[in-house]
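Since the structure comes first, as structure tokens, the remarks are kept for the end.
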Amino acid sequence: MKIVTIDTLPFDDQNPGTSGLRKKTEVFQNPTYVENFITAIFKASGRLKGGILVLGGDGRYYNDVVIQKILKMAIAFEIRRVIVGQNGILSTPCASHLIRTRQAEGGIILSASHNPAGPDKDFGIKYNTKNGGPATEDVTGAIYNQSKNISFFSFADVDDFDISKEHTIEAGSTTIEVLDTTKIYADLMESLFDFSMMKTKIKEQNLKIRFDAMNAVTGGYAREIFVNRLGLDESSLLNCVTLSDFGGLHPDPNPTNTHELISVMKNDSSISFGSASDGDGDRNMIVGGKSAVVPSDSLAILCANSQYLNGLKVEGVARSMPTSGAVDRVAKELNMNCYETPTGWKFFGSLLDAGKITLCGEESYGTGSNHVREKDGLWTILAWLSILTARNMSVDEIVEEHWAKYGRDYFLRNDYNVSSEQGANIYNSLASATKSLKGTSVDNVKILDAYVFNYEDPINGNKADNQGVILDLENESRLVYRLSGTGTVGATLRVYVSAYDKNDTTSPVPSKLNAVSILGAKLAKLQELANKDKPDLSVF
Ligand code: G16
């Protein structure tokens, strides 16, 4: 087998963000762009040579081309075995599971997650390490450093491999194993939940559900789980065929992007449980007859109802810093540890590995448990289904019961799309204003504390500074500012707004949070520094 080596020059923009390298697809299509970044991963990861690599993606445009490139480069790099999803299909949580169970050195997931797909949309490459979780900052830093010093890459000069069927291929010193991962993932879910009890109760309770895969990676997994194993009707599935452009949908599962699901739920009151997932299957949205469940509440509710999760013993919980404190209240009541981490699933890994936490979640529609080291959309949906069937209650009833007991943490996120310079300017100005803001009152609201969130991992001592600006306001209200790490153009300033009310749990979110939202924009000087008089998107 001929190994070809090609000279190349480094690109200066291959620095992974919150979750992998994400760019416009056309950037990845630049000659040698993919090859450079993959070489950087191979070199930075140290032990991939002679080891096992898991490979796949969310089925988006350009997945097929990049998978073939990686297979040929893996042979040249003498990776011993590459486990690749049939047709390249591999959800992020399933990749995490495979890395862990097959003792792989790491995994490459081709996805820009919830970003839209297509030639003029987004593409991404994520690297997960041995524990199955996203590469931590030291590893992504090493990848970036390698990318700046690349002078050549190598690949096997062979025809494309057939990955359309399950089989094993020997190529040089590399074995390529093509797997249908639907069964593997469905088996994992069946080992975590009592499918037979759920199936019986779904029938007894005549439960009707809708799951929207948004034409992304989870369609096949969902059919296997919901229809084939849990006996639900085929009509439970919406947009469950994986398409390379996701059918033009924006697979960021929130109420703004899931019109079809929301309108089906509104128009048919017999469907009491709706849900959706994102591009690569790690995010989830839970919808009741009345409205979508706020992700921060979803985490708290799972924690409070963990006795209905098939015996899952919850040792502790964690949430990312912008996520509301709803889960903190449950943890306090249950006398368990609750950790606050920076945004990004990679920060939960050490706590999960050390057995300090069992459940974790983020405001960005991500929840998961210690079964993998990624957030897991279908797991969360099954966790809700497990609670709903065990308790014979609707989503709305469970949420209202929770608020009645714990009070409600009202939450919304305002996103402002600005230029990179404006984003940096706004954020840096806020960070430097924290000292002068602390203890003052603005618009009659007292700012009790103002600080930049710097994190030190309680397990390994790793530090991650400057992860957001937090303003703690009177009456348990809070503003958090940070710049998105997953966009591909300009910058998105995220302003997270929350307020707690023990007694009033039924007000509309926008009106309840209106005053704090306006204060948030004013303190960030959004009008003055970016000419913004309203958010580009409000998610609640
Ligand atoms: C990624 C990370 C999440 C994180 C989110 C935040 O999500 O995996 O842990 O919460 O980004 O995104 P941003 O930096 O834009 O606020 P995903 O689903 O895109 O991989």
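The values are calculated or read from the model by the stated rules, or taken from the named source; none is laboratory data. As the structure is a prediction and not an experimental result, all values here were calculated from the model. Because the Cβ atoms are built from the backbone with ideal geometry, glycine has one as well, and the counts that use them run over all protein chains shown. Remember, those area values only see protein heavy atoms, side chains included, never the ligands or the DNA or RNA. Shrake-Rupley method; radii C 1.70, N 1.55, O 1.52, S 1.80 Å.
Applying 1/(1 + (r/R0)^6) with r as the Cβ-Cβ distance of Asp268 and His167 and R0 = 35 angstrom yields a FRET efficiency of 0.20.
For segment 339-382 and segment 270-334, what is the separation of their C-alpha centers, rounded to whole Å? Cα centroid to Cα centroid, the span is 11 Å.
Charged neighbours of Ser296, selected by a Cβ distance under 9 Å, balance to -3 (K, R count +1; D, E count -1).
In a fully extended conformation the segment linking Ala404 and Asn15 would gain 135.5 nm over its present Cα-Cα distance, using 0.36 nm per residue.
Using only the Cα atoms of segment 1-127, build the gyration tensor, take square roots of its eigenvalues as a ≥ b ≥ c, and label the shape rounded, prolate or oblate: rounded if a/c is under 1.5, else prolate if a/b is larger than b/c, else oblate. It is oblate, given that a/c is not under 1.5 and a/b is not larger than b/c.
With a/c under 1.5 counting as rounded, go ahead and sort segment 305-354 into rounded, prolate or oblate using the C-alpha gyration tensor (a ≥ b ≥ c being the square roots of the eigenvalues; past the cut-off, prolate if a/b is larger than b/c, else oblate). The shape class here is oblate. Note on Asn503 and Ile6: the extension gain reaches 172.3 nm, defined as 0.36 nm multiplied by sequence separation minus the Cα-Cα distance. With a Förster radius of 35 Å applied to the beta-carbon distance between Ala354 and Glu177, the computed FRET efficiency rounds to 0.65. Placing a pseudo-label 7 Å from each Cα along the Cα-to-Cβ vector at Asp533 and Val442 gives an inter-label distance of 2.0 nm. From a point 7 Å beyond the Cα of Asn392 in the direction of its Cβ, which residues of segment 264-279 have a backbone N at a distance under 20 Å? Hits in segment 264-279 for Asn392 at 20 Å: 270-273. So for segment 53-93, considering every pair of alpha-carbon atoms, how many percent are separated by more than 16 Å? Looking at segment 53-93, the distances longer than 16 Å represent 30 percent of pairs. A simple spin-label model places the labels of Asp465 and Val158 4.8 nm from each other, with each point 7 Å out along Cα-to-Cβ. Residue ranges 373-382, 18-27 sort as 373-382, 18-27 when ordered by packing (mean number of other C-beta atoms within 10 Å per residue, highest first).
To the nearest 10, the accessible area of Cys338 is 50 Å² with a 1.4 Å probe. Rounded to the nearest 20 debye, the dipole magnitude of segment 351-425 is 240 debye, with +1 charges on Lys and Arg beta carbons, -1 on Asp and Glu beta carbons, and the Cα centre as origin. Put a dot 7 Å past the Cα of Thr488, heading toward its Cβ, do the same for Asn145, and the two dots end up 2.9 nm apart.
Relative protection proxy for 414-425, 325-336, 250-261, from highest mean packing down: 250-261, 325-336, 414-425 (other beta-carbon atoms within 10 angstrom). Rounded, prolate or oblate: which fits the chain when a ≥ b ≥ c are the square roots of the eigenvalues of the alpha-carbon gyration tensor, with rounded for a/c under 1.5 and prolate only if a/b beats b/c? Oblate is the answer for the chain, as a/c is 1.5 or above yet b/c matches or exceeds a/b. A straight line joining the Cα centroids of segment 53-108 and segment 228-249 runs 23 Å. Among beta bridges identified by DSSP and lying wholly in the chain, the antiparallel ones come to about 70 percent.
The phi torsions of segment 7-18, fed into the Karplus equation with coefficients 6.51, -1.76 and 1.60 and a -60° offset, translate into couplings of 6, 8, 10, x, 9, 9, 10, 9, 9, x, x, 3 Hz, rounded to whole numbers, with Gly and Pro shown as x.
Residues whose amide H falls under 5 Å from that of Thr358, counting only those 5 or more places apart or on a different chain, are Glu315, Gly316, Val317, with hydrogens built in the peptide plane. Rolling a 1.4 Å probe over the protein heavy atoms gives segment 467-516 an accessible area of 39 Å² per residue.
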